Amino acid sequence: MRERYEIENIEQLRAIADMLRIHILDLLNQRPMTVTQLGERLGLAPAKVHYHVRELERVGLVELVETREKGGILEKYYQPIAYEIGVNKALLSAPADEAEASLRDLLDQVSAAYLREFRRLAAQKGSLANSGMSIGISHIYVTQEEQNKLMRQFYEMLKPFEKRRGIEGEKEITLSVFTSPTTAPAQPQKQVPASSQANQAWVVGAAEYTRGDLLKARAEGRRLRISVIGLCHFAADVEPSLADEVIESFTLVGKLTASPEVKAVLKQKEV
């Protein structure tokens, strides 16, 4: 298997713009499997899995690597064409409409799956706090070389967790990572004193703030702008004076758990 392969045509891009197929590729990356084995891992009928494997094989993203006869049945083992499959940058520029349609389809699947799980968990009282659902949005300033290095380090960090370890509490989660330049070009700004800098935090799912979190922000001269959709919890030992000093603004669509005094402070911070 190759180390890396770049998708070269719209047909391949369209074929991979599917959450289930991405999951299939991830599983086959761990070891070659048959359609039946994949179905067992995914909890799906082999016929459904076979269709998706066949499509991936047809466009050259999956290949047959071994056949075995077992009980008169020929077992076929598949694996991806490469450990890492990326998209050729040139493909995203022409034809733009087809590339955009494929990418939009994939993004729609990601968002639909996330919202479906969020709705399910939101209906279960108290379940969001330990659901593992979150969205982080950060704006960083890097050169292209620094961004490439950062993403390599990020994916290296994930590798130990890409295979089941059979430990207590282990569960499968979907991790989606998107990076893009900020649309509006950043204008040069004067350096703002650390004491007046604010840190924006957007969370969908569950957010928890301890006294230590707020003390650290204060020590670093940061003020927090907190926006949460879901469940937001402030530890019982968070003093209202500390919350007032560190939190610049607060927005919540969901449930807040905090002391009455901290709730009063946050009420005044609402935007």
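The values are calculated or read from the model by the stated rules, or taken from the named source; none is laboratory data. On a predicted model such as this, the values are computed, not experimentally measured, just so you know. Please note: Cβ atoms are built from the backbone with ideal geometry, for glycine as well, and neighbour counts cover all protein chains shown.
Here are some notes:
- If the condition is being modelled with pLDDT of 90 or more, more than 19 Å from Asp26 (Cβ to Cβ) and part of a helix (DSSP H, G or I), then segment 50-105 contributes only Arg58.
- Check on Ile22, at pLDDT below 90, assigned to a helix (DSSP H, G or I), crowded, with 16+ Cβ neighbours inside 10 Å and touching a Leu at 6+ places or on another chain (Cβ under 9 Å): yes
- Scanning segment 158-179 for residues that are part of a helix (DSSP H, G or I) and surrounded by 10 or more Cβ atoms within 10 Å (Cβ to Cβ) yields Leu158, Phe161.
- Only a single criterion out of (1) of a type outside the set (Gly, Ala, Ser); (2) surrounded by 14 or more Cβ atoms within 10 Å (Cβ to Cβ); (3) at pLDDT 70 or above is not satisfied by Leu128, namely (3).
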